[in-house]
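Peer 1: After the structure tokens below, expect a handful of questions from me.
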Amino acid sequence: MEKINCPNCDGISVKNGKQNERQRYICKQCQKSFQLEYAYKAYSSGTNDLIKSLLKEGCGIRSISRIINISTKTVLSRMLRISKTIKPQYFQKLGCKFEVDEIWSFIGNKDNVTWITYAIERQTKIVIGFIVGRKTTESIKPLINKLLSLDPKRIYTDRLNIYPSIIPKAIHKRFQYCTNIIERNNLTLRTHIKRLSRKTICFSKNEKYLEAHLRIYFWG
């Protein structure tokens with residue numbers, strides 16, 4: 001008799017009745033109940049990885065729903081669940097140069113503009129951090145403080161009047177073309193993330209979905 005291993009803990013599983021004429025199993029060790037094959041695609045083992053890939057390739061929520069053949073609500077809930085398991089990329093190198101810029105999007109409707117402020121390390125182009133919200137000192141300062149904790153050699157920004165008050169003058173640089181790298185990256189973001197496209201009816205209904213999508217794109 002073929003042994004069935006639990007997909008959760010790899011423990012030995014035994015038969016546990018049927019559902020819709022499909023055999024179910026239960027793990028002796030962690031008590032997880034499961035099937036080897038599911039009629040609903042959302043329960044397939046590779047669904048989360050497929051959702052991540054499609055989110056990074058410019059597909060909207062409804063597009064993903066049609067491709068995988070699962071509901072839009074399931075796609076949204078999986079996106080939130082996936083994002084919570086992702087941690088920012090580890091970066092502790094000191095004395096680097098960083099660029100900071102803002103990119104706008106919509107929340108709920110096109111009358112409600114929000115801003116994504118994020119920072120990248122110039123050489124590796126790693127995203128150090130981001131915030132979603134208004135362009136205010138209170139919202140941007142935590143991101144700048146994170147950069148300052150890395151003892152940066154330079155921080156390059158645009159001419160937003162908030163930056164001089166929260167970045168030391170000795171390391172703050174803002175002049176024409178100094179943010180070319182991150183501004184080119186903005187174009188990539190708008191190409192790869194459908195909800196950031198300039199002319200689109202695809203935008204975030206809630207700020208938490210925008211944050212989850214960005215977290216998956218940057219570090220997933």
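The values are calculated or read from the model by the stated rules, or taken from the named source; none is laboratory data. Note that the structure is a prediction, hence the values are computed from the model and not measured. Every residue, glycine among them, receives a Cβ derived from its backbone with ideal geometry; neighbour counts consider all protein chains shown. To get the accessible areas, we keep the full protein, side chains included, count just its heavy atoms, and leave off ligands, DNA and RNA. Shrake-Rupley method; radii C 1.70, N 1.55, O 1.52, S 1.80 Å.
Peer 1: Val113 versus (1) among the aliphatic types (A, V, I, L, M); (2) in contact (Cβ under 8 Å) with a residue 60 or more places away in the chain; (3) in contact with a Phe, Trp or Tyr (Cβ under 7 Å, 6 or more places away or on another chain); (4) over 21 Å from Ile86 (Cα atoms): which is the lone unmet condition?
Peer 2: Every condition holds for Val113 apart from (2).
Peer 1: In region 90-114, what residues are closer than 19 Å to Ile155 by Cβ, in a loop (DSSP other than H, G, I, E, B) and not aliphatic (A, V, I, L, M)?
Peer 2: Residues satisfying the conditions are Phe91, Gln92, Lys93, Gly95, Cys96.
Peer 1: Give the residues of region 97-133 that are closer than 24 Å to Thr200 by Cβ, over 15 Å from the mean Cα position of the chain (by Cα) and open to solvent by 30 Å² or more (accessible area, probe 1.4 Å), sorted by residue number.
Peer 2: Scanning region 97-133 gives Trp104, Gly108, Asn109, Lys110, Asp111, Asn112, Val113, Trp115.
Peer 1: Also: Determine whether region 158-166 contains at least one residue that is touching a Lys or Arg at 6+ places or on another chain (Cβ under 7 Å), outside any loop (DSSP other than H, G, I, E, B), modelled with pLDDT of 95 or more and more than 13 Å from Phe98 (Cβ to Cβ).
Peer 2: yes
Peer 1: Taking Ile126, is it free of Cβ contacts under 8 Å to residues at least 60 places away in the same chain and in contact with a strand residue (DSSP E or B) (Cβ under 7 Å, 6 or more places away or on another chain)?
Peer 2: yes
Peer 1: Right, here's the next one. Could you check region 181-194 and list, in sequence order, the residues that are open to solvent by less than 80 Å² (accessible area, probe 1.4 Å) and either more than 20 Å from Trp219 (Cβ to Cβ) or of a type in the set (S, T, N, Q) (or both)?
Peer 2: Asn185, Asn186, Thr188
Peer 1: Return the residues of region 64-92 that are of a type outside the set (S, T, N, Q) and touching an Asp or Glu at 6+ places or on another chain (Cβ under 8 Å); say none if nothing qualifies.
Peer 2: The answer is Phe91, and nothing else.
Peer 1: Next question, about the same structure. Within region 62-96, count every residue that is open to solvent by less than 70 Å² (accessible area, probe 1.4 Å) and touching a residue at least 40 places away in the same chain (Cβ under 8 Å).
Peer 2: The qualifying residues number 11.
Peer 1: Looking only at residues in region 161-173 that are touching a strand residue (DSSP E or B) at 6+ places or on another chain (Cβ under 7 Å) and of a type outside the set (Phe, Trp, Tyr), which one is surrounded by the fewest Cβ atoms within 10 Å (Cβ to Cβ)?
Peer 2: Pro164
Peer 1: Check off (1) among the β-branched types (Val, Ile, Thr); (2) at pLDDT below 95; (3) assigned to a strand (DSSP E or B) for Ile131 and give me the number that stays unchecked.
Peer 2: With respect to (1) among the β-branched types (Val, Ile, Thr); (2) at pLDDT below 95; (3) assigned to a strand (DSSP E or B), Ile131 is out only on (2).
Peer 1: I've got another one for you. Do we have Glu211 as open to solvent by 20 Å² or more (accessible area, probe 1.4 Å), within 16 Å of Phe106 (Cα to Cα), touching a residue at least 60 places away in the same chain (Cβ under 8 Å) and in a helix (DSSP H, G or I) here?
Peer 2: yes
Peer 1: Same structure again: Where residues in region 45-60 are within 20 Å of the chain's Cα centre (by Cα) and free of Cβ contacts under 8 Å to residues at least 40 places away in the same chain, which of them is most open to solvent (accessible area, probe 1.4 Å)?
Peer 2: So, considering only residues that are within 20 Å of the chain's Cα centre (by Cα) and free of Cβ contacts under 8 Å to residues at least 40 places away in the same chain, the one most open to solvent (accessible area, probe 1.4 Å) is Asp49.
Peer 1: Ok, one more. If I go through region 133-159 residue by residue, how many of them are without any contact (Cβ under 8 Å) to a residue 60 or more places away in the chain, in contact with a strand residue (DSSP E or B) (Cβ under 9 Å, 6 or more places away or on another chain) and not basic (Lys, Arg)?
Peer 2: 13
Peer 1: Please indicate, with yes or no, whether at least one residue in region 172-179 is assigned to a helix (DSSP H, G or I), modelled with pLDDT under 95 and not basic (Lys, Arg).
Peer 2: The answer is no, given that none of the residues of region 172-179 is assigned to a helix (DSSP H, G or I), modelled with pLDDT under 95 and not basic (Lys, Arg).
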